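Every read-out reported here was derived from the displayed coordinates using simple, explicitly stated rules and does not represent laboratory data. In this text, all values refer to a predicted model and were calculated from it rather than measured experimentally. Neighbour counts are summed over all protein chains in view; Cβ atoms, including those assigned to glycine, are modelled from backbone coordinates with ideal geometry.
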Amino acid sequence: MIVASSNAIKDDDFDPPCIRAKSEYQSIVKDVGGSFVCVSEPEKNPGVVEFEISKNGPRLLTRITKAAVITGSGAIGRQPLPHG
């Protein structure tokens, strides 16, 4: 997973952020089944980017999954999970 903490990446003459870099990052994660996220996209509704870390690895939380976690049982995130 690659996260760009930049302004929205556009194909214009204002660098950084650079559209060529975004294309390269997307190519890298595509080859390994990963994902690329820019914190300022979508530009119309930027916000906090949240990830859930579990035994299956990191997962980007969408607005829908965040709502499910908030309205769920409340047990998520309250107790540390064993690992190792």
- Report, by residue number, each residue of region 4-25 that is surrounded by 14 or more Cβ atoms within 10 Å (Cβ to Cβ), closer than 20 Å to L60 by Cα, out of contact with any Pro (no Cβ under 6 Å at 6 or more places or on another chain) and among the small types (G, A, S). A4, A8
- Task: Could you please find all residues in region 41-55 being touching a strand residue (DSSP E or B) at 6+ places or on another chain (Cβ under 8 Å) and surrounded by 14 or more Cβ atoms within 10 Å (Cβ to Cβ)?
- Result: V49, E52
